[in-house]
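The structure is given below, and queries will be raised subsequently.
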Amino acid sequence: MIQLQNIRKSYGSHEVLKGIDLTVNKGDVVVILGPSGSGKTTLLRCVNFLERPSDGQVTISGFTVDCKQPGKQNVLKLRRKTAMVFQHYNLFKHKTALENVMEGLVVAQKLPKEEAKQKSLDVLEKVGLSDKIHHYPSQLSGGQQQRVGIARALALSPEVILFDEPTSALDPELVGEVLAVIKKIAREGVTMIVVTHEMGFAREVANHIVFMDGGVIVEEGPPDEIFSNPKEERTKQFVRRITPEWSYVI
Amino acid sequence: MTIDIPFIITCFFEIVTALPLTLVITVIPLIIGFGIGVVTALMRIYKVRFLHRIADFYVSFLRGTPVVLHVLIIYFALPLLIAKLSDQFGWGIDTASIPILVFVLTAFSLTAGAYMSEIIRSGILSVNQGQVEAAYAVGMSTRQALWRIVLPQAIGGILPNLCNLFIGFLHTSTFAFTVSQMELLGKANVVASVNLKFLEAFIAAALIYWGMTIIAERITAFLEKRVTAYNRGGIA
């Protein structure tokens, strides 16, 4: 279980997150929606301390880190319970697909090389890249790179995988293959927090939607409720804008 | 005056006997300097309390003064310092017994460290921040991220600069002659004076330096190809 309590983040006098509380249960797929600048990516990066929150508490399966004085070792321990998939993939560019996936297992989790390799091959097969394991990131398409990114996160067997707009840097044609992989692992019961602009995907895969605006959670609930029957005016506005009421086909 | 071309070849073989010494006072300072460079660059990037100011001063001062001065200052100052310390702690070191080469290597290493620091710093800063974030996200500590992800990528980017520095130091090594080390140029001077054929001797020396430079460039090109193989793209 992941629990965020009163997470706040300020850059100077500008407060980006104004006290966020969020609970994610095991096996949940939580999608965070919201307009640009609403703080959704910042919130996601606060979970694994890529951004250090100014205040609040992050708890992952019973291990709590106080954001006011986190301490290096605690942050490391917390990070080792999470994994992240980045908007720009951020694969280690001097390592092959296989090495990218193995890196965390060998270096951070101290798994024996053989075991790490086997595990990596398994997840690479799961994302459909068994034939690309010796390719460098520069030799892969965006969609393939992102699938390696997902494999790298999945191999760590984390408590939660954080997805930071995993398809927004991709060619429209390549979005499908990545979403299919995410959907597949979501069905296997991996806990996820996803920031995305893919509404169809959010509706289909999420079992909990969080709508953020201006650094606060405006509304949260099951997808059907948020998309079909939003309660807050701001959510209604947002949903209206992204689900067109008329067709453009002439 | 005519040029005695066959004598250039004779000179060449005589002067080339000094090449090992020239290589020693080029390569060893660069290796030690690399170590100094990595440490000081990290101090400066991470703004390590108090130490980063010393590192800043070190780089600024040594880059801001001529190399020949470093050689002379170390040559005169280091024996004094060692004698003083030796007296204080009763080590019983006779400074006259320390080979001059040690002072030369010390001076060049310190100089190389300052230049390396800037090169390595630029290399580290050129690595995309996303690479570090990814390393953290898979659970690496800062140190692991640095050694396994950042530095290997930084080295690929700074290889041409390192080659430049090697060439620079190959030529800088001639300053060792000022404290009577018989490296290439020193040897050329001797050969020239003995035979009274200056132009021939210096041409021969120039050819040796040039040849070494070309070899260095070739090696760098080869290494660059290997180290940055991951960057070439295209479906292989």
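Evaluate the charge dipole of chain A about its Cα centre and quote only its size in Debye, nearest 20, assuming +1 on the Cβ of each Lys and Arg and -1 on the Cβ of each Asp and Glu.
Dipole about the Cα centre, nearest 20: 820 debye.
If you don't mind, another one. Semi-axes of the equivalent ellipsoid of chain A: what are they in whole Å, largest first, if each equals the square root of 5 times a C-alpha gyration tensor eigenvalue?
30, 24, 15
Within a Cβ distance under 15 Å of residue B:185, other residues only, what is the Lys/Arg minus Asp/Glu net charge?
Working: positive: B:187; negative: B:14, B:183, B:200.
Charge balance near residue B:185 sits at -2.
Could you tell me which of A:98, A:69, A:150 has its Cα farthest along the dipole of chain A towards the positive end, charges placed at Cβ (Lys, Arg +1; Asp, Glu -1), taken about the Cα centre?
The listed residue farthest towards the positive side: A:69.
Continuing with the same structure: Would you be so kind as to identify which of B:176, B:166, B:120 lies farthest towards the positive end of the dipole of the stretch B:5-231, taking Lys and Arg as +1 and Asp and Glu as -1 on Cβ and the Cα centre as origin?
B:120
Can I ask one more? Over the Cα atoms of the stretch A:152-238, what is the Rg over Rh ratio if Rh follows Kirkwood?
0.98
Evaluate the charge dipole of the stretch A:43-114 about its Cα centre and quote only its size in Debye, nearest 20, assuming +1 on the Cβ of each Lys and Arg and -1 on the Cβ of each Asp and Glu.
The calculation lands at about 140 debye.
Follow-up question, since we're still on this one. Dipole of the stretch B:83-207 (Lys/Arg Cβ +1, Asp/Glu Cβ -1, origin at the Cα centre): which of B:150, B:93, B:111 lies farthest to the positive side?
Of B:150, B:93, B:111, it is B:150.
Could you work out which residue, out of B:125, B:170, B:105, moves most in a Gaussian network model of chain B, that is, has the largest mean-square fluctuation with Cα springs under 10 Å?
So, out of B:125, B:170, B:105, the one fluctuating most is B:125.
Given all pairs of different Cα atoms, what value in angstroms does the Kirkwood hydrodynamic radius of the protein assembly as shown take?
Details: mean 1/r = 0.0373 Å⁻¹.
Mean inverse Cα-Cα distance, inverted, gives 26.8 Å.
Once you've got the Cα coordinates, tell me which of A:68/A:184; A:81/A:113; A:110/A:132; A:40/A:68; A:40/A:184; A:93/A:119 are over 31 Å apart.
On the way: A:68/A:184 37 Å; A:81/A:113 21 Å; A:110/A:132 25 Å; A:40/A:68 21 Å; A:40/A:184 24 Å; A:93/A:119 21 Å.
Where the Cα-Cα span goes over 31 Å, the pairs concerned are A:68/A:184.
Ratio to report: Rg/Rh of the stretch B:58-217, with Cα atoms as the point set and Rh obtained by the Kirkwood method; give two decimals. Kindly include the intermediate steps, with their values, before the conclusion.
Details: Rg = 21.2 Å, Rh = 19.0 Å.
Using only Cα positions, Rg/Rh for the stretch B:58-217 is 1.11.
Could you state the number of Å between the C-alpha centres of the stretch B:91-133 and the stretch B:140-171?
13 Å
Taking the radius of gyration and the Kirkwood hydrodynamic radius from Cα positions alone, what is the Rg/Rh ratio for the stretch B:7-85, to two decimal places?
With Rh from the inverse mean 1/r over Cα pairs, Rg/Rh is 1.15.
Please give the Cα centre distance for the stretch A:37-113 versus the stretch A:128-186, rounded to the nearest Å.
17 Å
Further, regarding this structure: Taking 10 °C and 1.306 mPa s as the conditions, I'd like the Stokes-Einstein D for the stretch A:105-250 in µm²/s, using the Kirkwood hydrodynamic radius from alpha carbon pairs.
Numbers: Rh = 17.3 Å.
Once the numbers are plugged in, D ends up at 92 µm²/s.
For peptide A:84-96, compute the average count of partner chain beta-carbon atoms within 10 Å of each residue's beta-carbon.
Taking the mean over all residues of the peptide, I get 5.
If DNA, RNA and ligands are ignored and the probe is 1.4 Å, what is the ranking of A:66, B:87 by accessible area, most exposed first?
My answer, sorted largest first, is B:87, A:66.
What is the magnitude of the charge dipole of the stretch B:1-114 about its Cα centre, with +1 placed on the Cβ of each Lys and Arg, -1 on the Cβ of each Asp and Glu, and no other charges, expressed in debye to the nearest 20?
The calculated dipole for the stretch B:1-114 is roughly 740 debye.
Add -39500 (n - 2.57) for each DSSP H run of 4 or more in the protein assembly as shown, then divide by its residues: what number comes out at 222 nm, to the nearest 500 deg cm²/dmol?
When only DSSP H runs of four or more count, the value is -17500 deg cm²/dmol.
Near residue A:144, within a Cβ-to-Cβ distance under 11 Å, what is the net charge of the other residues, with Lys and Arg +1 and Asp and Glu -1?
Residues near residue A:144 contribute 0 overall.
Here is a follow-up. Which chymotrypsin sites (Phe, Trp or Tyr not before Pro) in the stretch B:84-162 pass both tests, a DSSP loop state and at most 11 other beta-carbon atoms within 10 Å? Mind showing how you got there, number by number?
Numbers: sites: B:89, B:91, B:103, B:108, B:115, B:136, B:147; in loops: B:91.
For chymotrypsin sites (Phe, Trp or Tyr not before Pro) across the stretch B:84-162 that sit outside H, G, I, E and B with at most 11 neighbouring Cβ atoms in 10 Å, the list reads B:91.
The values are calculated or read from the model by the stated rules, or taken from the named source; none is laboratory data. Because the structure is a prediction, the values reported are computed rather than measured. Don't worry about glycine lacking a Cβ; one is built from the backbone with ideal geometry, like all the others, and counts go over all protein chains shown. To get the accessible areas, we keep the full protein, side chains included, count just its heavy atoms, and leave off ligands, DNA and RNA. Shrake-Rupley method; radii C 1.70, N 1.55, O 1.52, S 1.80 Å.
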